[in-house]
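One structure below.
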Amino acid sequence: MDQKTSALTEAQVSAYLERIGLAAGVQGEQPSKDGLVRIIEAHQNRVPFETIDLVQTGTRPDLSVDGLYKKVVEDRHGGYCFELNRLFRELLLALGYKTRPAFARPVLGGDPRAMNHRGELVELDGVLNYVDVGFGGPSSTMPVALADSQETFDGRTRFVAYDEGESWWRLDRVRDDGSTQTELMVCTTPVEDKDFDLLNTAMSLPGMLFRETQIANIRTPEGHITYRAGVLKIMENGVLSETRIGSDEERDALLRERMGFTPYAG
């Protein structure tokens with residue numbers, strides 16, 4: 001994989017690292033697996049997956065680097081896969097990682113869907129790894145090595161990658177009881193950032209899930225927090241609590257407290 005140049009300035013990289021709670025000194029480190037784990041985990045703990053802005057504004061997300069930087073770093077909002085993984089790629093490039101985008105099919109234990117998800121592939125020691133900071137479901141803070149039948153465990157979640165042939169990899173999550181569930185199908189065929197523009201347009205049209213359903217979730221050190229269509233769920237140390245939200249004002253206050261952002265006004 002060739003090394004590309006990031007579109008972010010040094011000052012923007014510093015601000016982005018501050019946004020996810022990492023010291024600017026990370027900019028001077030050599031790319032490594034341990035370093036990548038820190039960056040992924042910090043991002044998942046600070047930047048939520050969310051569609052509430054899309055639902056409220058009805059505006060197709062801006063995938064330009066400047067637009068994404070303003071939304072995620074300056075305005076301290078989240079976004080969905082086409083936004084978060086796009087900007088995350090620029091951060092990784094600025095930090096010296098070799099990375100490129102990847103199409104993926106969400107499965108989530110059901111039938112494979114159309115290719116409507118963006119992840120990232122990062123090369124470490126000659127091995128392709130799948131990384132994701134924009135998946136609205138179970139994901140790993142570890143880069144998932146695309147090596148057949150190899151398990152990746154981040155201390156909380158186990159994933160196993162299987163080579164399905166013809167550039168496709170199946171990522172299975174291992175449940176606590178030992179059973180497995182396929183979460184994603186990942187394609188390693190090289191693609192470019194612009195290849196996701198039409199998908200971004202399609203997924204933000206009226207009638208589509210992300211345009212019609214308010215969703216937000218974020219990883220926490222103790223578990224995760226999820227908001228969907230008026231219900232807030234908090235998983236903390238294995239204990240799940242659920243709260244029904246009665247108004248937009250209550251929702252905004254909880255999202256501000258729990259996920260660090262207030263949705264844009266419609």
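Just the residues that are under 18 Å from Leu108 (Cβ atoms) and in a loop (DSSP other than H, G, I, E, B), please, taken from region 157-185. Explain how you work it out, then say what you get.
From region 157-185, those under 18 Å from Leu108 (Cβ atoms) are 157-162, 164, 168-177, 179-185; that's our starting set.
Scanning region 157-185 gives Thr157, Arg175, Asp176, Asp177, Ser179.
Output the number of the condition that His77 fails; it satisfies all remaining conditions of (1) surrounded by fewer than 19 Cβ atoms within 10 Å (Cβ to Cβ); (2) at pLDDT 95 or above.
With (1) surrounded by fewer than 19 Cβ atoms within 10 Å (Cβ to Cβ); (2) at pLDDT 95 or above applied to His77, the lone miss is (1).
Considering region 213-258 alone, what residues qualify as being in contact with a helix residue (DSSP H, G or I) (Cβ under 9 Å, 6 or more places away or on another chain), among the hydrophobic types (A, V, I, L, M, F, W, C) and in a helix (DSSP H, G or I)?
Leu255
Restricting to region 152-180, name every residue that is among the basic types (Lys, Arg) and over 20 Å from Phe103 (Cβ atoms).
Just the residues of region 152-180 that are among the basic types (Lys, Arg), to begin with: 156, 158, 170, 173, 175.
Hits for region 152-180 are Arg156, Arg158, Arg175.
For region 168-218, what are the residues that are among the aromatic types (Phe, Trp, Tyr) and within 17 Å of Val55 (Cα to Cα)?
Phe210
Which of the helices (runs of 4 or more DSSP H) contained wholly in region 29-132 include at least 2 residues that are free of Cβ contacts under 8 Å to residues at least 60 places away in the same chain?
Filter on region 29-132 gives 33-46, 65-69, 81-94.
So for region 188-197 (the condition being part of a strand (DSSP E or B) and acidic (Asp, Glu)), does at least one residue qualify? Talk me through it step by step, then tell me what you get.
Pass one, region 188-197, residues part of a strand (DSSP E or B): none.
Checking region 188-197: not a single residue is part of a strand (DSSP E or B) and acidic (Asp, Glu).
Counting just the residues of region 1-28 that are among the small types (Gly, Ala, Ser) and assigned to a helix (DSSP H, G or I), which one comes out surrounded by the most Cβ atoms within 10 Å (Cβ to Cβ)?
It comes out as Ser14.
I'm told His117 meets every condition in (1) within 21 Å of Met259 (Cα to Cα); (2) under 12 Å from the mean Cα position of the chain (by Cα) except one. Can you identify the failing condition by its number?
Here His117 clears every test but (1).
How many residues does region 1-34 hold that are among the small types (Gly, Ala, Ser), at pLDDT below 95 and in contact with a Leu (Cβ under 8 Å, 6 or more places away or on another chain)?
Going through region 1-34 one residue at a time, the tally reaches 2.
The values are calculated or read from the model by the stated rules, or taken from the named source; none is laboratory data. Nothing here was measured: the structure is a model prediction, and the numbers come from that model. Every residue, glycine among them, receives a Cβ derived from its backbone with ideal geometry; neighbour counts consider all protein chains shown.
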